[in-house]
Every structure is written in structure tokens, then in C-alpha cells.
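Asks: To start, I am sharing the structure in question, which I have written as C-alpha cells.
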Amino acid sequence: MDRVIRIGLLGCGTVGAGVVTILDRGADDVTARTGARLQITRVAVRDATKVRDLPLPQEIYTEDAMAVVEADDVDLIIEVMGGRDLAATLMRRALELGKPVVTANKELIAHEGPELAELARTAGVDLAFEAAVAGAIPIIKPLKESLAGDRITRVVGILNGTTNYILTRMTEEGAAYTDVLAEAQALGYAEADPTADVGGHDAAAKAAIIASLAFDTTVHAADVFREGIESVSATDIEVADRLGYVIKLLGIASEVDDRVAVRVHPTFLPKEHPLAGVRESFNAIYVEAEAAGELMFYGRGAGSLPTGSAVVGDVIDVARNLMQTARGPIASDHRAKPLRPIEDLQTQYYVLLAVADEPGVLAEVARTFGDHDVSIAQVWQEGSGDTAQLVLITHRSREGDLRACVESLEASSCVRKVTSVLRVESEVWS
Ligand code: NAP
Ligand code: HSE
């Protein structure tokens, strides 16, 4: 008779329902693959009276999540509740009790992952979080295991589906940010409070997790330089298009001069780059490694079944380990790299200025760039009359110098407004 591995499910919303469905549909395969029957014995939800259209008996739902963690008839915990404090308390307790945990909670892993991993290490059990980054896309395992023999030099990702959807619509329809955001909310792509997505917080959490694994170090979400897409305008998108770029919200993690740099911001990306063709709400992660070269992982970064697929993949790994009284590989942080401040970034910039259309203005703007050691690669003016638009692309410059230059431009009497400043990543793939 097959051994039974009993699962406590914390949360049964979008992802939880996907997990229940996949485990139910694939029960025979799961048993064949693990040598055990996986049975959900308890489910914690906010409202245990709500009738859910899932193949689970109503009496296993409870509102007492800690009771699920501590139950004798639970061997493995799946945390798909979300949030920080309660989820952290529950996961800590599970690990202390020697129960492995599978989670999709990027926010928690990005803030407390190393501490939770240490608890798992001490307890000798697994803590798995494939679903926390880019939903269905296998990226945690490739970084932690498949590429363990290589040296990763850079990871560039489209890590948030909501913002990629918004930027795709703006690019393809010439629409304004606020209109597309409203449309995305109506379609259910964007949350009623879209801050975590459009402000880049969600992508920053995922970038922190990726950077920690890629560079064998510890990067917390708060260490990631972050800018959202709120101020990307239809004009920025149109200028990018004319110059041969698309604008994408990228998470970029790299190792430079023995320091790790992790940033999330809207970026001019050449149209030829493989990530430029990633449209709609899809996610993709582009990995550069010394021996393997360039790799790209592409797929759905969210959704009930796609995210459920990643959770169940982890559950099967963990169940296999439980069957052998073993534990899977643990991420290493042995290189403990210092972080490089954003001011030391070297990249190209796109700057859009509203200027007075008068003699000497271009010369003064050019002088301000030169005074701050920022070299101009391209410049042109659009419109005339009272106020003209000046579009500038710089050569590779230091972020600290560019920022000082922007401050001077803002103080200059001939510059009416510094309308946009965006980074141009023409070298991320060269
Ligand atoms: P969700 O739809 O809001 O579901 C949350 C579930 O947790 C609900 O079943 C809710 O109960 C339950 N819950 C919340 N607070 C609780 C509490 N205090 N005690 C007991 N149960 C509680 O969230 P989700 O979209 O599935 O996301 C879950 C996690 O997966 C989050 O960490 C999220 O970041 C991550 N994730 C989500 C996606 C995605 O596509 N949605 C993708 C990748 C990662 P009720 O049902 O009674 O309200
Ligand atoms: N809100 C996220 C996104 C999905 O838009 O990609 C969960 O990570």
C-alpha cells in the first residue's frame, strides 16, 4: 500500500485552488512519481463557511491556520495565503516542528528568505519557493541546481505580468498609462490597488530572490533599487519606438567588480533583444552564464493553474525527499557579496526636456551635460515656439553624474521641465 503524505494547505484562493485542482487531476501520476499518495487533510482560509467548487470535503476547512500547521495529521505545509507577519509565524512554526514548507510568497521570501532557510537547514527539512518568482516558469531550480556548475554573470527579467501588459498596450496602441491601467483593472489583470505591481515592488521582491540565488549571496527586497512605470508616458514609448527600442520594466541583477547590483526600472531595450518580444502579461528571464552562455526562460508569471503547477512541482520534490528521509539542495550564500550603490551604475540614458525655444538654449543644455561629465550621443528638438521638446541620448555615464546633471538642468532658467529620465540598456545583451 502507498504511503500517504498529508498536506496542510494555508490559503485556498487563486493559487490554492490551482494546487487543489492539479493534485486532484494528476493524483495517479503524482503517486507514481513520488511513491506516495498526497492527501490534503486540512485547509486554512479566512472564511471556512464559504462553499468552494473544489474536490475537498467542507469539514477540512478551518479559520485556524496555526492549528493546521500543528496538526498531527499534517506532514507538509503549502503556504499560499500571502502577506508577511502571519505567514512568517506559520512558516517558522512549521519548520520548528520539522515540517517542510512549499510557498509562493515572494514578499516573505524576499524579506525573510535567508532567515527561514536557516531554520529549514537547522530542522533538516525543505523550504521550496519556485512559484514565488515568475509563476509557472522554472527559474529557482535552474539557478540553484541546473546552473550550479556554472558562473552566472547577469540575469535580466520581465518579472511582472501586470506592468508588461500595460506597457504592451501602450506600445501597440499608443495609449496613455492611466487609460491602460484602468482597462487592466477592469479585465482583472491589475489589482484595485496596483501599487505593488506598477511601483515595481513585486518585481523588486522577485529580483532580490533571483540575485541571491544567482550570486550565492543575500539580497533583501529593500536592497533593490526600484522605480515603477507610473511616469512612463506615451511620448517616451513613441520616442523609444522611433529609436529602435521598446520600454520594459526590467529586473536586472549583475555582478560588477565583485559587487552585486540589483535594480528594477523601466528601461529602453533594443527591439532585437529576446526580451523585447515578450508581450502581454507573459514573464521571461534571460540568464547569462560563463559556460552556458545565454539562456531564456519564458511563460506565464501568474494565474491559478500556472502558479499551481510550480507549487505542485515543489510539493513533489519535497514529497520525494520525505520518502527518503532526505532534504533537497539548499541555496548557498558563501560569496556574501557587497552591494553596489545605484550611483555607481554605468549605463546610457534617455532624457526628455521641455525647454524655452530661444537662442543659446541648446548650448546651455549641452554645457550642463558636459560640466557633469555626461557625454551626449544623440540630440534633437521637436516643436518650436514658446516651449520645445529636447530629446537626448547619452553615452554610457555614471548614474551619480547623471543625477547631478538633472539637478542642474532643473535649476536652469532655460529648462522648463525635465520631463523624463530613463535608462537605456543597449549593452545588456552585447
Ligand atoms: P488570494 O486569492 O487572495 O488567496 C488567499 C487565500 O488565503 C484565501 O483563500 C484566503 O481565505 C486565505 N487567507 C488569507 N488570510 C488568511 C488568514 N489570516 N487565515 C487563513 N486564511 C487566510 O491570493 P493568491 O493570489 O492565491 O496568492 C497567494 C500567494 O501566492 C501570495 O503570496 C501571492 O503573492 C502568491 N502568488 C500569487 C500568484 C497569482 O497568480 N495569484 C502568482 C505567484 C505568486 P478566503 O478564501 O476565505 O478569503
Ligand atoms: N502581480 C503579479 C504580476 C503576479 O502581475 O506579475 C504575482 O506575482
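Asks: Determine the percent antiparallel among the DSSP beta bridges restricted to the stretch 140-300, to the nearest 5.
Replies: For the stretch 140-300, the DSSP antiparallel bridge percentage is about 95.
Asks: Related question: In the stretch 106-205, how does Rg compare with the Kirkwood Rh, expressed as the Rg/Rh ratio over alpha carbon atoms?
Replies: On the Cα set of the stretch 106-205, Rg over Rh gives 1.08.
Asks: Output the pairs from 141/271; 106/417; 99/144; 144/248 with a Cα-Cα distance over 32 Å in this structure; if there are none, say none.
Replies: 106/417
Asks: Related question: Need one number: nm distance between label points at residue 258 and residue 151, each 7 Å from Cα along Cα→Cβ, rounded to one decimal.
Replies: 1.3 nm
Asks: Report Rg (one decimal) and Dmax (nearest whole number) for the chain, counting Cα atoms only, units Å.
Replies: Considering the chain through its Cα atoms, Rg and Dmax are 24.1, 88 Å.
Asks: While we're on this one: What whole-number value in Å² describes the accessible area per residue of the stretch 140-300 for a 1.4 Å probe? List each step's numbers first, then the result.
Replies: Working: 5910 Å² over 161 residues.
Per residue, the stretch 140-300 has an accessible area of 37 Å².
Asks: Please identify, among 224, 133, 374, the residue showing maximal mean-square fluctuation in a Gaussian network model of the chain using a 10 angstrom Cα cutoff.
Replies: 374
Asks: Give the accessible surface of the stretch 342-429 per residue, rounded to a whole number of Å², with probe radius 1.4 Å and ligands, DNA and RNA excluded.
Replies: Accessible area per residue: 45 Å².
Asks: If you don't mind, there's one more thing I want to ask. For the stretch 140-300, what is one quarter of the convex hull surface built on the Cα atoms, given in nm²? Spell out each step's value before the answer.
Replies: Working: hull surface 37.2 nm².
Answer in nm², one decimal: 9.3.
Asks: Ok, one more. Send over a whole-number figure in Å² for the accessible area per residue of the stretch 1-61, probe 1.4 Å.
Replies: On the way: 3360 Å² over 61 residues.
It amounts to 55 Å² per residue over the stretch 1-61.
Asks: Quick one: angle between helix 14-25 and the longest Cα principal axis of the chain, in degrees between 0 and 90, rounded to 10, please.
Replies: The angle comes out at about 50 degrees.
Asks: So for the pair residue 50, residue 121, with labels modelled 7 Å out along Cα→Cβ, what separation do we get in nm?
Replies: 3.8 nm
Asks: In the Gaussian network model of the chain, springs joining C-alpha atoms below 10 Å, which of 31, 89, 218 carries the largest mean-square fluctuation?
Replies: 89
Asks: For the stretch 192-272, which trypsin sites (Lys or Arg not before Pro) are in a loop by DSSP, counting at most 15 other Cβ atoms within 10 Å?
Replies: Answer in residue order: 271.
Asks: By how many nm would the segment from residue 2 to residue 290 grow when fully extended, if each residue of separation counts as 0.36 nm and the alpha-carbon distance is taken off?
Replies: The span from residue 2 to residue 290 would gain 99.3 nm if fully extended.
Asks: Rounded, prolate or oblate: which fits the stretch 307-430, taking a ≥ b ≥ c as square roots of the Cα gyration tensor eigenvalues, rounded meaning a/c under 1.5, else prolate when a/b beats b/c?
Replies: On the way: a/c = 4.38, a/b = 2.89, b/c = 1.52.
Cα axes put the stretch 307-430 in the prolate bin.
Asks: Taking only C-alpha pairs under 8 Å that are 6+ residues apart, what is the relative contact order of the stretch 140-300 in percent?
Replies: 33 percent
Asks: A follow-up question, please. Provide the gained length on full extension for the span residue 231 to residue 403, in nm with one decimal, where the gain is 0.36 nm per separating residue minus the Cα-Cα distance. Kindly include the intermediate steps, with their values, before the conclusion.
Replies: Details: separation 172, 0.36 × 172 = 61.92 nm, distance 1.71 nm.
Stretched out fully, the residue 231 to residue 403 stretch lengthens by 60.2 nm.
Asks: Give me the net charge of residue 306's neighbourhood, meaning all other residues with Cβ under 12 Å from the Cβ of residue 306; Lys, Arg count +1, Asp, Glu -1.
Replies: Local net charge: 0.
Asks: Considering only DSSP beta bridges where both residues belong to the chain, give the percentage that are antiparallel (nearest 5).
Replies: 70 percent
Asks: Ok, one more. Which residue, 199, 383, 308, has the most motion in a Gaussian network model of the chain that connects Cα atoms within less than 10 Å?
Replies: 383
Asks: Taking the Cβ-Cβ separation of residue 387 and residue 346 as r and a Förster radius of 35 Å, what is the calculated FRET efficiency to the nearest 0.05?
Replies: Details: r = 32 Å, r/R0 = 0.91.
About 0.65, to the nearest 0.05.
Asks: Another one. For the chain, what does -39500 (n - 2.57) per DSSP helix run (n ≥ 4), summed and divided by total residues, give at 222 nm, in deg cm²/dmol to the nearest 500? Could you put the intermediate results ahead of the total?
Replies: On the way: 13 runs with 151 residues, N = 430.
Computed mean residue ellipticity for the chain: -11000 deg cm²/dmol.
Asks: While we're on this one: Computing the accessible area with a 1.4 Å probe over protein heavy atoms, can you report the carbon and sulfur percentage for the chain?
Replies: With neighbouring chains kept in place, the figure for the chain is 47 percent.
The values are calculated or read from the model by the stated rules, or taken from the named source; none is laboratory data. Nothing here was measured: the structure is a model prediction, and the numbers come from that model. Backbone-built Cβ (ideal geometry, glycine too); neighbour counts: all protein chains shown. For accessibility, only protein heavy atoms count, side chains too; no ligands or nucleic acids. Shrake-Rupley method; radii C 1.70, N 1.55, O 1.52, S 1.80 Å.
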